[in-house]
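The values are calculated or read from the model by the stated rules, or taken from the named source; none is laboratory data. No experiment lies behind these values; they were computed from the predicted model shown. Quick reminder, even Gly has a Cβ in these numbers, built from the backbone with ideal geometry, and neighbours come from all protein chains shown.
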Amino acid sequence: MFVVNDKIVSTELFSQKFICNLSKCKGACCWEGDFGAPVTLEEKDIIENVLDKIMPKLSEESQFIINRDGVASYNNHIKGMTTSLHENGACVFLVKDEGGIAKCAFEQAYEAEEISFKKPISCHLYPVRISQNQETNFEALNYDEWEICSAACSLGEEHQMPVFRFVKDAIIRQYGSDFYEQMEDIYQTFFT
């Protein structure tokens, strides 16, 4: 592990390779799993404020769930907020394109310049997960290895794309460009 600006960064962010391969997985991370995408309270507020732009993109069932349960709720497993889900585990903000690939309604609205919120940082950073140790007040960035992402690992190996570079924009969004540049320095020093 490495320490960057008082954050603990897993070695796997440098050693593992990753590029999302949506043609293979069809965006399974948006409908698989035991809980929704982690969101901060600030993100929950943002989502509620842009909801009028997002709702028309969603299925009637997603709209019903949001109206019934809200955009997010507290999750005991992660000790924080997560997006609301369908009974089958799919995120309520999932929309599918013509090819059946899961897309994010926020990202679609962002790319269409309808909103300035790209998507929850937990989604933008994936496969990196942030965990907070309440006792030490340390934040840790870890690689979340998940079987459904095996095609992403293969594609990352093929292109020699380390995880931290794959999520460069999200790291800069969360921690700033200086943080990312320190990660590049670590990679150049220890992994090339």
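Among the residues of the range 139-171, those that are in contact (Cβ under 8 Å) with a residue 24 or more places away in the chain and of a type in the set (G, A, S) comprise A140, A151, A152, S154, G156, A170. For the condition farther than 30 Å from E181 by Cα, buried (at least 18 other Cβ atoms within 10 Å of the Cβ) and touching a Gly at 6+ places or on another chain (Cβ under 6 Å), A90 does not qualify.
Scanning the range 12-56 for residues being surrounded by 14 or more Cβ atoms within 10 Å (Cβ to Cβ) and not in a helix (DSSP H, G or I) gives a total of 17.
Would you say K24 is among the charged types (D, E, K, R) and either touching a strand residue (DSSP E or B) at 6+ places or on another chain (Cβ under 8 Å) or closer than 16 Å to S122 by Cβ (or both)? For K24, the condition - among the charged types (D, E, K, R) and either touching a strand residue (DSSP E or B) at 6+ places or on another chain (Cβ under 8 Å) or closer than 16 Å to S122 by Cβ (or both) - is not met.
The helices (runs of 4 or more DSSP H) found wholly in the range 83-192 and carrying at least 2 residues that are in contact with a helix residue (DSSP H, G or I) (Cβ under 8 Å, 6 or more places away or on another chain), hydrophobic (A, V, I, L, M, F, W, C) and closer than 15 Å to V9 by Cα occupy 163-166, 168-175, 177-190. Residues of the range 8-24 that are modelled with pLDDT of 95 or more and either in contact with a Lys or Arg (Cβ under 7 Å, 6 or more places away or on another chain) or charged (D, E, K, R) (or both): E12, K17. Is it the case that P120 is farther than 16 Å from V39 by Cβ and buried (at least 21 other Cβ atoms within 10 Å of the Cβ)? For P120, the condition - farther than 16 Å from V39 by Cβ and buried (at least 21 other Cβ atoms within 10 Å of the Cβ) - is not met.
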